[in-house]
1. Can you work out the PRE-style zone for Cys14? Point 7 Å along Cα to Cβ, and I want the residues of segment 30-44 with backbone N under 11 Å.
2. In a Debye calculation with equal point scatterers on the alpha-carbon sites of the chain and no solvent, what is log10 I(q)/I(0) at q = 0.22 Å⁻¹?
3. Simple spin-label model, 7 Å along Cα-to-Cβ: Lys61 to Ile6 in nm?
4. In whole percent, how big is the carbon plus sulfur part of the accessible area of the chain, probe 1.4 Å, protein atoms only?
5. For helix 5-16, report the angle its Cα long axis makes with the longest principal axis of the Cα atoms of the chain; keep it between 0 and 90° and round to the nearest 10°.
6. About the Cα centre, and with charges only on the beta carbon of Lys, Arg (+1) and Asp, Glu (-1), how big is the dipole of the chain? Nearest 20 debye, please.
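The values are calculated or read from the model by the stated rules, or taken from the named source; none is laboratory data. Computed from a prediction, not measured in an experiment: that's the story for all the values here. Cβ: placed from backbone, ideal geometry, glycine included. Neighbour counts: every protein chain shown. Note: areas computed on protein heavy atoms with side chains; ligands, DNA, RNA excluded. Shrake-Rupley method; radii C 1.70, N 1.55, O 1.52, S 1.80 Å.
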Amino acid sequence: MIKRKIDDYIRSYCAIIRNALLIIGARQIGKTYSIRQFGKTFKSFIEISFIEMPEAVDLLK
């Protein structure tokens, strides 16, 4: 597995903040992979793609 800076950032953020995290950035650099790998450490995990489900933005307002 490739070590990415985002992996450490996600772990740190969730350990300190423990709140929803919105990740944005360039396409195809490993964000989705890192999020899914991190999600596997939890009993339950929800991934919302605002690209595939733009109406999901209304859920967070």
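1. Counting backbone N atoms under 11 Å from the label point, the list is 34-44.
2. Log10 I(q)/I(0), no solvent term: -1.08.
3. 2.7 nm
4. Details: 3310 of 5630 Å².
Roughly 59 percent of what the probe reaches on the chain is carbon or sulfur.
5. Value to nearest ten degrees: 70.
6. Numbers: 11 positive and 6 negative charges, 73 e Å.
Computed about the Cα centre, the dipole is about 340 debye.
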